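Read-outs: derived from the displayed coordinates by stated rules, not from any lab. Note that the structure is predicted; figures quoted are calculated from it, not measured. Every residue, glycine as well, gets a Cβ built from its backbone with ideal geometry; the counts of neighbours run over all protein chains shown.
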Amino acid sequence: MKTAVITGITGQDGAYLAQLLLEKGYKVYGTFRRTSSVNFWRIEELGIQSHPNLHLVEYDLTDLSASIRLISSTEPDEVYNLAAQSFVGVSFEQPITTGEITGLGAVNLLEAIRIVNPRVRFYQASTSEMFGKVQTIPQTEATPFYPRSPYGVAKLYAHWMVINYRESYDLFATSGILFNHESPLRGKEFVTRKITDGAARISLGMQNVLELGNLDAKRDWGFAKDYVEGMWRMLQADESDVFVLATNRTETVRDFVTLSFKTAGLSLAWEGTAEQEKAIDTATGKTVVQVNPKFYRPAEVELLIGDYAKAESVLGWKPTTSLESLCELMVEADLRRNKQGYSF
Ligand code: NDP
Ligand code: GDR
């Protein structure tokens, strides 16, 4: 039986990855942070919280001694570092905390592996946000980086440290440059889930208007379950490396709004531009979506579209879920949850 450590099991990817590894027969140690109230709703939704091979460990990524104890007490074959302050918007307000967790935190784990057992295979959750102001279209493993947020800069530091530890100490340390991936387990602060939850609530008469920021941003959105499969494949490869996971399709936030409301049974007509832009429900004439500049970011990543050819040829990975199917999954989950009075 293989043993894996997943940091950040209370997050979207941590929950799906734990489910996948348990299905594959792994013993899984999932780390969670000490908080005033528990945050296990995702592993509960997946029905894995009481799985006999799942062990929850209290851990904070910013603590080197905790990292050393984590690696020595769990004796893992594989470590998936998914923990991060992962919200780009907040990183502008909390740049130092973001640097400590999202950047230096990864190095605590690399150090722990180097000290305790350099044979452990390590996965780092790198991100398309490192491409930021994109230098080529589509983005590949060879595209130059130009991060546009404290989050992107912190992730780029961690990314290079992974490469540096591989080259300096011969660790099996891989970075997955993952483009946006979403699911019904996505946090509501991220734009897709904010939209699918808003569309569900407005169609149920529980909310009047959904306020959003930049509707012109273009993203390459995939399904999180596909992407955690790619993470696992990266650690089964012959050599550690860098891989892009993406869908190679990009759409605007506005397009995702239209699609989500249509899935929830509402047809929208857009009017106005920039800060005055809004969408009207064509059945009632009421404004249901409007721009609020408070959701704009100081610097924006305008366009992301990834080329996953390397992952397909080396790992046999490709996305299996269309944006339409993903949107349907998310809207249906949010309709069900809102009808049941479920608040996550
Ligand atoms: P989430 O924000 O849903 O989850 C982040 C996890 O990190 C949570 O479990 C959180 O715990 C934990 N965490 C935060 N700070 C610490 C800390 N100091 N010590 C230990 N754990 C901590 O992110 P996702 O699941 O969406 O993403 C997983 C990883 O992949 C992240 O590193 C993210 O930056 C990266 N990524 C995500 C992409 C995406 O589209 N989802 C794309 C590319 C990369 P808590 O619940 O207590 O807050
Ligand atoms: P992102 O995701 O920044 O790409 O980072 P997010 O969903 O937050 O934003 C996507 C785009 O939508 C625009 N936007 C809004 N965003 C939010 N959150 N709320 C709004 O109201 C809103 N209106 C418009 C944003 O400006 C942006 O352009 C995610 C995270 O999961 C990172 O951890 C990960 O690394 C990247 O994806 C890849």
### Query
Taking Cα atoms, how many degrees apart are the long axis of helix 253-263 and the longest axis of the chain, rounded to 10 and kept between 0 and 90?
70
## Note on the structure
Any residue on another chain or 5+ positions along whose placed amide H is under 5 Å from the amide H of residue 210 is listed here as 289, 290
### Task
Calculate how steeply helix 191-203 sits against the longest principal axis of the alpha-carbon atoms of the chain, using the helix alpha-carbon long axis, and give the answer as 0 to 90 degrees to the nearest 10.
40
### Message
Students often get this wrong, so check it: of 225/262; 133/155; 218/339, which have C-alpha atoms separated by over 20 Å?
### Response
225/262; 218/339
#### Entry: Long-range amide H partners of residue 79 with built H, under 5 Å
5, 121, 122, 123
## Note on the structure
Proxy exposure order for 284, 10 (fewest C-beta within 10 Å first) is 284, 10
### Theoretical ellipticity at 222 nm over the chain - DSSP helices of four or more residues, -39500 (n - 2.57) apiece, nearest 500
-11000 deg cm²/dmol
### Query
In whole Hz, what ³J(HN,Hα) sequence does the stretch 210-223 give by Karplus (6.51, -1.76, 1.60; θ = phi - 60°), x for Gly and Pro?
10, 9, 10, x, 5, 7, 8, 4, 10, 10, 9, 9, x, 9
### Query
If you look at just the Cα atoms of the chain, how large are its Rg and its Dmax in Å?
20.0, 64
### Message
What is the distance in Å between the Cα centroid of the stretch 35-107 and that of the stretch 314-344?
### Response
24
### Task
With N set to the residue count of the stretch 252-314, report its C-alpha Rg divided by 2.2 N^0.38 Å to two decimal places.
1.52
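How big is the stretch 1-155 by the Kirkwood estimate over distinct Cα pairs, in Å? Please report the intermediate quantities before stating the final value.
Working: mean 1/r = 0.0614 Å⁻¹.
Answer for the stretch 1-155: a Kirkwood hydrodynamic radius of 16.3 Å.
Rounded to two decimals, what is Rg over Rh for the stretch 203-344 when you use alpha-carbon atoms and the Kirkwood radius? Mind dumping the intermediate values first?
Details: Rg = 18.1 Å, Rh = 17.3 Å.
The Rg/Rh ratio comes out at 1.05.
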### Query
What residues have an amide H closer than 5 Å to that of residue 218, excluding those fewer than 5 places away on the same chain, when H is modeled at 1.01 Å from N in the peptide plane?
303, 304
### Message
Taking the Cα centroid of the stretch 184-258 and of the stretch 116-142, what is the distance between the two, rounded to the nearest whole Å?
### Response
18
### Query
Working out 0.36 nm times the residue gap between residue 133 and residue 93, then minus their Cα-Cα distance, what length gain in nm do you get to one decimal?
12.4 nm
